[in-house]
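Undergrad: Below: one structure in structure tokens.
Computed from the coordinates by the stated procedures, all read-outs in this text should not be read as laboratory data. What you see is a predicted model, and the numbers here were worked out from it, not measured in a lab. Here the Cβ positions follow ideal geometry from the backbone for every residue, glycine too, while neighbour counts run over all protein chains shown.
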Amino acid sequence: MPPQTRTSGVLLHLTSLPSRFGIGDMGPEALRFAEFLALAGQSRWQVLPLNPTADSLGNSPYSSFSAFAGNTLCISPELLAEDGLLSQAELEEFVPPRTERVDFPTVERAKAALLRRIFDRLMSGGPGGLEDDPAFQAFVGDNASWLPDYALFMAVKQNLGGAGWTGWPKDIRDREERALGAYGTRLHREIVYQQFCQWLFFRQWGRLKWECGALGIDLVGDVPIYVTHDSADVWANRGLFTLDRDGAPLKVAGVPPDYFSKTGQRWGNPVFDWEACEAQSFSWWISRLRHNLGLFDVVRLDHFRGFEAYWEIDATEKTAINGRWVPGPGAAFFEALLAAHGALPLIAEDLGLITEEVVALKERFGLPGMKVLQFAFGPHTPTSPDSPHNHEKNCVVYTGTHDNATTRGWFEAETTPTVRRVLSRYLGHAPTAETIVREMVRLALASPANHAVIPAQDLLGLGREARMNTPGQAKGNWGWRAPAEALTLAGGRALAEELRGACELYGRTQIGAPPVPETDPKTDPEAD
């Protein structure tokens, strides 16, 4: 059969998977979800950034101590047991309190204790132990461009009580050669521990990626344009950011007032010194993208418009109102990426205030942009780029994103009478809270857009309680988890078959494509 040019996928972050360990991970539930996607005729699984999260950073996957490292909270205890690193007794005793939402601090403490137990056991073996393991040594060598800085950064941070790097002693803050050597020697064991945890993460991710590939599922990742100030990336690459002599940001990133906030969003990330980046031939960015294209089949570039022009705010400002637009690296950046990678399997997150220059940059490199159906309806519907009748083929349509309310929550709490009237005219009948999600999913699948992505919450018809993130709200985000069995062959077969039928109808999956097993091997006692 010819390859599909029209695809459909589901947005579900790893942490949102059900599991008995307090947070979604890369274990059996991830594979069960991938099998559900295959039965449902889906060809893409989109996730949020997989970088480490921290309670001090609001547990946001868009705020991390590293743009390269993996989130060790997503390491599967069950896969550790399969690999002989945990006994069954240890696995059974490691069960954090069951909660409907992720309790990040509790999970973080429990998972860290588990990983340190395994690490201590492997390090106590003498010759032939962890540090002599050829596979571990190969991993450290293969990731030499970022792993040593990250491991040292985390070891020093832990040693200094979690302090941000600008509050460290001046010698290590400024990466003086003698200090790097001294801290590296003194904190050697903790450095190896950090490397070990990353080895476990990427080993499990590689296994999941292979399993998804065998099922015909492409993985779609997410790369934020900005990085966190208190990160190994900024500490080790100060010259690429607009910082003062002590390392503090002079300018920070954000967006002007918009749909989400009347005062804009002051993200606080340091902005790039793009002239310095270009002087180094964008080598840090090329390395970052190469790393992510090894993890994913397609990468979504968050805040694409910032590559054409970005909103720069003085670090002394409390809100984003008094910022200014500054030219970004533009075509030179993407030419460098293209020369280095040979292809750009990217999605341009082009939401918000989009200018003709942003559109031209996206189209010059053939990058699909994003359309969000929740933005389509109102007095602007006839001309809105988010309205289905205006979708170009080279784009990705979403019912909503991780920053939106769920579609049902949007309909119940955020739509105005005008929006509802326009929706009724567009659909040919008045939708209700019970029918709106199915209506919007069908609009997305029927769209001319080559790619459609449905958030898992919308697939399940969930309301406001299932929202992933509310921009500008500091707490209470990122903790949603899918109900057990709802997105598996065992509990969600009818939903999968309905979705597959719709995708076949709208040309988003091959009719007669190879089916997945009729039984769920994880739950059927008679399955081999």
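Undergrad: Tell me the GluC sites (Glu not before Pro) within segment 408-438 that lie in a loop according to DSSP and have at most 15 other beta-carbon atoms within 10 Å.
TA: Passing both the DSSP loop test and the Cβ count: Glu414, Glu434.
Undergrad: Subtracting the Cα-Cα distance from 0.36 nm times the residue separation, let me have the gained length for Glu92 to Asp171 in nm, one decimal.
TA: Stretched out fully, the Glu92 to Asp171 stretch lengthens by 23.9 nm.
Undergrad: Label point 7 Å out from Asp133 along Cα-to-Cβ: which residues of segment 77-108 have amide N under 13 Å?
TA: Under 13 Å, as judged by backbone N against the label point of Asp133, lie 80-86 of segment 77-108.
Undergrad: All other residues with a Cβ under 15 Å from the Cβ of Glu90 taken together, and with Lys, Arg as +1 and Asp, Glu as -1, what is their net charge?
TA: -1
Undergrad: Here's a follow-up. Run the dipole for the chain about the Cα centre, Lys and Arg Cβ at +1, Asp and Glu Cβ at -1, nothing else charged, and hand back the magnitude in debye, nearest 20.
TA: 960 debye
Undergrad: Same structure again: Among DSSP beta bridges whose residues both lie in the chain, state the antiparallel percentage, nearest 5.
TA: Counting only bridges with both partners in the chain, antiparallel ones make up about 35 percent.
Undergrad: Same structure again: Taking the alpha carbon gyration tensor of segment 174-216, what are the square roots of 5 times its eigenvalues, largest first, to the nearest whole Å?
TA: After diagonalising the Cα gyration tensor, the semi-axes are 36, 11, 4 Å.
Undergrad: Rounded to the nearest 0.05, what FRET efficiency do Thr418 and Asp83 give with R0 = 51 Å and r taken as the Cβ-Cβ distance? Could you check?
TA: Efficiency, from the Cβ-Cβ distance: 0.35.
Undergrad: Hey, another quick one. What does segment 212-286 give for Rg and for Dmax, in Å, if only its C-alpha atoms count?
TA: Computed over the Cα atoms of segment 212-286, radius of gyration and Dmax are 16.2, 51 Å.
Undergrad: Follow-up question, since we're still on this one. Just the Cα atoms of segment 27-173, one point each, no solvent: what log10 I(q)/I(0) does Debye give at q = 0.15, 0.19 Å⁻¹?
TA: -1.07, -1.52
Undergrad: Using R₀ = 35 Å, calculate the FRET efficiency as 1/(1 + (r/R₀)^6) where r is the Cβ-Cβ separation of Ala430 and Thr383; round to 0.05.
TA: For Ala430 and Thr383, the calculated efficiency is 0.90.
Undergrad: How compact is segment 241-366 by the rule of thumb for globular proteins, expressed as Cα Rg over 2.2 N^0.38 Å?
TA: 1.09
Undergrad: If you don't mind, another one. What are the membrane-span-like helices in the chain by this rule: whole DSSP H runs, Cα extent along the axis at least 27 Å, mean Kyte-Doolittle hydropathy at least -1.0?
TA: Span-like helices in the chain: 104-123, 188-214.
Undergrad: Provide Thr416, Thr72, Thr470 in ascending order of the number of other Cβ atoms located within 10 Å of each residue's Cβ, fewest first.
TA: Thr416, Thr470, Thr72
Undergrad: In the neighborhood of Val326, defined by Cβ-to-Cβ distances under 14 Å, what is the net charge if each Lys or Arg adds +1 and each Asp or Glu adds -1?
TA: That works out to -3.
Undergrad: Work out the P(r) tail for the chain: percent of alpha carbon pairs separated by more than 28 Å, whole number.
TA: 57 percent
Undergrad: Now for a separate question. Quick one: divide the alpha-carbon radius of gyration of segment 371-478 by 2.2 N^0.38 Å and tell me what you get.
TA: Ratio of Cα Rg to 2.2 N^0.38 Å: 1.02.
Undergrad: Loop only by DSSP, 13 or fewer other Cβ within 10 Å of the Cβ. Give me the trypsin sites (Lys or Arg not before Pro) in segment 290-330 that pass, ordered by residue number.
TA: Lys318
Undergrad: Go through Val252, Gly213, Thr166 and say which Cα lies farthest out towards the positive end of the charge dipole of the chain; charges sit on Cβ, +1 for Lys and Arg, -1 for Asp and Glu.
TA: My answer, from the dipole projection, is Val252.
Undergrad: Any idea which of Ser287, Ala336, Asn269 is furthest toward the positive side of the dipole for segment 241-366, if Lys and Arg beta-carbons carry +1 and Asp and Glu beta-carbons -1?
TA: Farthest along the dipole direction, towards plus: Asn269.
Undergrad: At 222 nm, what helix-only mean residue ellipticity would the chain give, in deg cm²/dmol to the nearest 500, using -39500 (n - 2.57) for each DSSP H run of four or more?
TA: Helix-only estimate at 222 nm: -11500 deg cm²/dmol.
Undergrad: Work out the charge dipole of the chain with +1 on the Cβ of Lys and Arg and -1 on the Cβ of Asp and Glu about the Cα centre, then indicate which of Ile225, Tyr183, Trp199 is farthest towards its positive end.
TA: The residue sitting most towards the positive pole is Ile225.
Undergrad: Rg and Dmax of segment 317-391, using alpha carbons, in Å: what are they?
TA: 15.4, 44
Undergrad: Also: For segment 371-478, what is the relative contact order in percent, using Cα pairs closer than 8 Å and at least 6 residues apart in sequence?
TA: Value for segment 371-478: 35 percent.
Undergrad: What do the square roots of 5 times the Cα gyration tensor eigenvalues come to for segment 86-130, in whole Å, largest first, as semi-axes of the equivalent ellipsoid?
TA: The answer is 27, 12, 5 Å, longest axis first.
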